[in-house]
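Right, one structure below, let's go through it.
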C-alpha cells in the first residue's frame, strides 16, 4: 500500500498521456468482460483492481493524499476510453472516479477519516436529498434510503444527500460522508441497461455523522469548501455541477465511439441481400454522421473544459448563463448518442439482436444513461432557452 502523501511520502504521478494510454490498453479487456459484468450486475473485481493498479482513480485525488491532481481534460479522456470498451465501467468511473475531487472540498478531517489508513479507498454516492439529518452534539443523526448508488459494492464510504431537519442548519441541503459500517446495500439493480453498474439502494438507520463530514450544496454551487484551505490547486476551485454532470454523460460518448468501431469492423465483412454493407450508400451516410457527431461533441466537451479551467485559474465563478449553456451541452450528449446508437443498431440488421455482437448491449447502456436526471435535455434546454432571453432567476444547485 502507498502511504498518503500527507504522511510524508511524496506522490510521483505518471504523465497524463501515460494514464490515458493505460486506460486505452484496457479497452479490449473491458469489452471481453462485458458479458460477465452484465450477468453479475456489477463491475468485476478484477476490473476495479486493474483500474486502481493503473492509477485511474487518483486523477482527481489531492496530492497530499496520494493523488495526482490532474486536469479534468485528462480525466474525461480516460472515461471516453473506458466507454469504448464498456459503458458500465465508464459510468462507474464517471461517478466513483470523480469523488476524490469532491473530497478535496471537504474539511481535511474527513479526508483523514477516508484515506488516513488506506489512500486507495473508494467512495460511492447517491446525492439526491432523500435522507433526514437530525442535529446531534457534534454532528447529525442520518437516516434514509438512497437509490442508484453506482459501484457501491466496491466502495468503503458513501456520499449521501440529505437535509437537516432542525437546528442552525435546518433546510440546508447537504452531502454527508458515511463509512461502509454505517450503511447497508440492498440488491435492487435489475434493469434493462447499464446492468453492470451495480447501482443498488443504500440504507442508513440513525448513523452519527460528525460536522466535518458534511458539505453544503450551496458551497458546491459557489465553488467553495473548507478543504480549499489545504488543497490549494485551481482544480478544487472548479464548480461542482460542471464536473459532475459531465461524469454521467461522457461515458455515452465513449460507448458510441466503441459502437461505431465495432460497426465498421462488422460492416466490412457483412453481406446483405447479396451486396456488401460497405457499398450501401445509406450505411456509408450513417457512419459518416455518427463520426461527425462524435467529433463535434468531443470538441464542445474539451472547449468547455478549457474555458472552465481558465475561470478556476483566475479564481472566478463562471457566469450563470454560461453554466446553464454548458449543462445543456452535457445533457444533449445523452440524447444525441441514443439516437445515433439506434441508427447504427438498425443499420446492423437482424444480426444486431444476437448477444455475440455488442450492438444491443451498447444501445441499451446508452439509452439507460439517457435517463439520468442530469441528462434530461428537454428541461435543461428550457432553462438554457430562458437564459438566452435573460431569465436567470432560478437556483439550480447542480450548475
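The values are calculated or read from the model by the stated rules, or taken from the named source; none is laboratory data. Just so it is clear, the structure is predicted and the values come from calculations on it, not from any experiment. Here the Cβ is made from the backbone with ideal geometry for all residues, glycine too, and neighbour counts use every protein chain on show.
Screening residue 164 against (1) under 23 Å from residue 396 (Cα atoms); (2) modelled with pLDDT of 95 or more leaves a single unmet condition, (2).
Restricted to the stretch 270-287, and to residues that are modelled with pLDDT under 80 and part of a loop (DSSP other than H, G, I, E, B), which residue is farthest from residue 368 (Cα to Cα)? Applying the filter and picking the extreme gives 274. A single entry from 34, 73, 21, 6 fulfils the requirement of being at pLDDT below 95 and assigned to a helix (DSSP H, G or I): 6. Within the stretch 153-172, being surrounded by fewer than 18 Cβ atoms within 10 Å (Cβ to Cβ) and over 18 Å from residue 99 (Cα atoms) holds for 163, 165, 166, 167, 168, 169, 170, 171, 172.
Listed here are the residues, each with its yes/no results for (1) in contact with a helix residue (DSSP H, G or I) (Cβ under 6 Å, 6 or more places away or on another chain); (2) part of a helix (DSSP H, G or I); (3) modelled with pLDDT of 95 or more.
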{"position": "191", "(1), (2), (3)": "no, no, yes"}
{"position": "203", "(1), (2), (3)": "no, no, yes"}
{"position": "208", "(1), (2), (3)": "no, no, yes"}
{"position": "215", "(1), (2), (3)": "no, no, yes"}
{"position": "228", "(1), (2), (3)": "yes, yes, yes"}
{"position": "244", "(1), (2), (3)": "no, yes, yes"}
{"position": "255", "(1), (2), (3)": "yes, yes, yes"}
{"position": "258", "(1), (2), (3)": "yes, yes, yes"}
{"position": "262", "(1), (2), (3)": "no, yes, yes"}
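Table: residues versus (1) under 28 Å from residue 380 (Cβ atoms); (2) surrounded by fewer than 21 Cβ atoms within 10 Å (Cβ to Cβ); (3) free of Cβ contacts under 8 Å to residues at least 40 places away in the same chain.
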{"residue": "215", "(1), (2), (3)": "yes, no, no"}
{"residue": "238", "(1), (2), (3)": "yes, no, no"}
{"residue": "254", "(1), (2), (3)": "yes, no, no"}
{"residue": "259", "(1), (2), (3)": "yes, no, no"}
{"residue": "270", "(1), (2), (3)": "no, yes, no"}
{"residue": "282", "(1), (2), (3)": "no, yes, no"}
{"residue": "299", "(1), (2), (3)": "yes, yes, yes"}
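Does residue 99 fit the bill of being out of contact with any helix residue (DSSP H, G or I) (no Cβ under 6 Å at 6 or more places or on another chain) and crowded, with 23+ Cβ neighbours inside 10 Å? Taking the combined requirement at face value, the residue satisfies it.
Checked against (1) touching a residue at least 40 places away in the same chain (Cβ under 8 Å); (2) crowded, with 16+ Cβ neighbours inside 10 Å; (3) within 29 Å of residue 235 (Cα to Cα), residue 329 passes all but condition (1).
Quick check: is even one residue across the stretch 130-145 buried (at least 18 other Cβ atoms within 10 Å of the Cβ), closer than 23 Å to residue 372 by Cα and in contact with a strand residue (DSSP E or B) (Cβ under 8 Å, 6 or more places away or on another chain)? Yes.
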